[in-house]
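Participant: Before I ask anything, let me first share the structure, which is written out below as structure tokens.
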Amino acid sequence: MSPHGDVLDIHVHGAVGEPFGGTVEGTLAAAAHHDGGVVASLVSGTPDEMARQVGVVAAAMTKGDLRSSAIRGIHCEGPFLSTVRRGAHDPHVLRDADPALVERLVGVAAAAGAPGAIKHWTFAPERTSGGLAPFVRTLVEHGVVPAVGHTDAPAAQVRAALGLVADTLGAPGLVTHLFNGMPAFHHRSGGPVAAAMSAAAGGECLVEVIADGVHVAPEVVRMVFETLGPDRVVLVSDAMSATGLGDGDHLLGTLPVRVRDGVARLVVEEGEGSIAGSTSTLERCVRWAVDVAGVDEQDARTSATRTPAAALRL
């Protein structure tokens, strides 16, 4: 154990062939494979399917002491995401933000014995046709940290959303896996990346970074640390259910995924599909950040322990 304590992975979808939310036994097995604590991430699904998954994870959390369980909460990644920047999310289930679905899933977790289990929720600002402020307010009223991600919105819209989240929350919000699930940064069109970096520098948000050696180049990971510092960077694995199994064919939600040389991609007819999460663990991400990206080890540990805990008020 590091002097910072066990790592806490707040964005991770499963392991050893088991997705979080599949079954109670599978959810516990997946959590046991990972290092330290996890916040179980659920991919976009229909309202009924997401309600079922929340119920399963909440039930798994009640199998032990909620204060010491390896499963520290739930992360809903969608379904309020951009179809253009959906990554490995099923486009058929993506929809505009709906406060009623937030209310429903919060109620499901409470009914299963884990009130307050939903810790953060990823959404795209452009999918809030019913109003950004009412949606963000609904999340915050239920103790859920709003996380901006999988977005194709321009920089101004993303920055405004992050500012509103910070004001409503009274604390920094989150950006889901910076650089991934959003347009590439360009010096004439900074997009969500520029907005997120600026907001993080101003204390309005913290940014997740996937340090698995696939999602983000080492020099970019180091740049983010050197620019923002470890108290505003949250290392995550974004590991999918294939983690721990090696190469082969798997599923992420309803979508087929093929792992080759440790890299998970969607199976598509027209060629190479989108990256579909990682097959790493957070401890391995920390080692990669230090040994390959050149991040200071204490900084990497902080971003895998104290910072994610602070981000979700754990």
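Participant: Among DSSP beta bridges whose residues both lie in segment 177-314, state the antiparallel percentage, nearest 5. Don't skip to the answer; put the middle values down first.
Facilitator: On the way: 13 of 18 bridges.
Taking every DSSP beta bridge within segment 177-314, about 70 percent pair in antiparallel fashion.
Participant: Next up: Modelled label-to-label distance, VAL16 and ALA217, 7 Å Cα→beta-carbon offset: nm?
Facilitator: A separation of 3.8 nm, rounded to one decimal place.
Participant: Let me ask something else. Computed over the Cα atoms of segment 78-171, what is the ratio Rg over Rh, Rh following Kirkwood? Could you put the intermediate results ahead of the total?
Facilitator: Details: Rg = 13.0 Å, Rh = 13.5 Å.
Expressed as Rg/Rh, it is 0.97.
Participant: Does segment 150-294 come out rounded, prolate or oblate, given a ≥ b ≥ c as the square roots of the eigenvalues of its C-alpha gyration tensor, rounded meaning a/c under 1.5 and, failing that, prolate meaning a/b above b/c?
Facilitator: Judged from the Cα gyration tensor, segment 150-294 comes out prolate (a/c at least 1.5, a/b above b/c).
Participant: Testing the spin-label approximation: label points 7 Å from Cα along Cα→Cβ at ASP96 and ALA32. State their distance in nm.
Facilitator: In this crude label model, ASP96 to ALA32 measures out at 4.6 nm.
Participant: Treating only the Cβ atoms of Lys and Arg (+1) and Asp and Glu (-1) as charged, compute the dipole magnitude of segment 171-284 about its Cα centre; round to the nearest 20 debye. Please report the intermediate quantities before stating the final value.
Facilitator: Numbers: 7 positive and 14 negative charges, 39 e Å.
So the magnitude is around 180 debye.
Participant: Residue by residue through segment 261-266, what is 3J(HN,Hα) from phi via Karplus (6.51 cos²θ - 1.76 cosθ + 1.60, θ = phi - 60°)? Round to whole Hz and write x for glycine and proline.
Facilitator: 3J(HN,Hα) across segment 261-266, in whole Hz: 6, x, 9, 9, 9, 5.
Participant: Shifting gears a bit: How about segment 222-310: which GluC sites (Glu not before Pro) there are in a DSSP loop, with at most 12 other Cβ atoms within 10 Å of their Cβ?
Facilitator: For GluC sites (Glu not before Pro) across segment 222-310 that sit outside H, G, I, E and B with at most 12 neighbouring Cβ atoms in 10 Å, the list reads GLU269, GLU270.
Participant: Hey, what number do you get for the chain at 222 nm if only DSSP H runs of n ≥ 4 count, each worth -39500 (n - 2.57), divided across all residues, to the nearest 500?
Facilitator: -10500 deg cm²/dmol
Participant: With N set to the number of residues, divide the alpha-carbon radius of gyration of the chain by 2.2 N^0.38 Å and report two decimals.
Facilitator: The value comes to 0.89.
Participant: While we're looking at this one, here's another question. Please give the contour-minus-distance gain from THR83 to VAL292: 0.36 nm per residue of separation, less the Cα-Cα distance, rounded to one decimal in nm.
Facilitator: Result: 71.9 nm gained on full extension.
Participant: Let me ask another. Can you list residues from other chains, or at least 5 along the same chain, whose modelled amide H is less than 5 Å from the amide H of LEU251?
Facilitator: VAL257
Participant: Name the long-range amide H neighbours of HIS11: under 5 Å, sequence gap of 5 or more, or other chain; modelled H, no Pro or chain starts.
Facilitator: The list, which skips near neighbours in sequence, is VAL39, SER237, ASP238.
Participant: From the phi angles alone, apply the Karplus equation (6.51, -1.76, 1.60; θ = phi - 60°) to segment 171-179 and give each ³J(HN,Hα) in whole Hz, x where the residue is Gly or Pro.
Facilitator: Once rounded to whole Hz, the list reads 6, x, x, 10, 10, 6, 4, 3, 5.
Participant: Further question on the same structure: Calculate, in nm to one decimal, what ALA310 and ASP231 gain on full extension: separation in residues at 0.36 nm each, minus their alpha carbon distance.
Facilitator: Result for the pair: 27.5 nm of gain on full extension.
The numbers here are math on the coordinates, done by the rules we state, and not lab data. Please read all numbers here as calculations on a predicted model, not as lab measurements. As a convention, Cβ positions derive from the backbone with ideal geometry for all residues, glycine included, and neighbour counts pool all protein chains shown.
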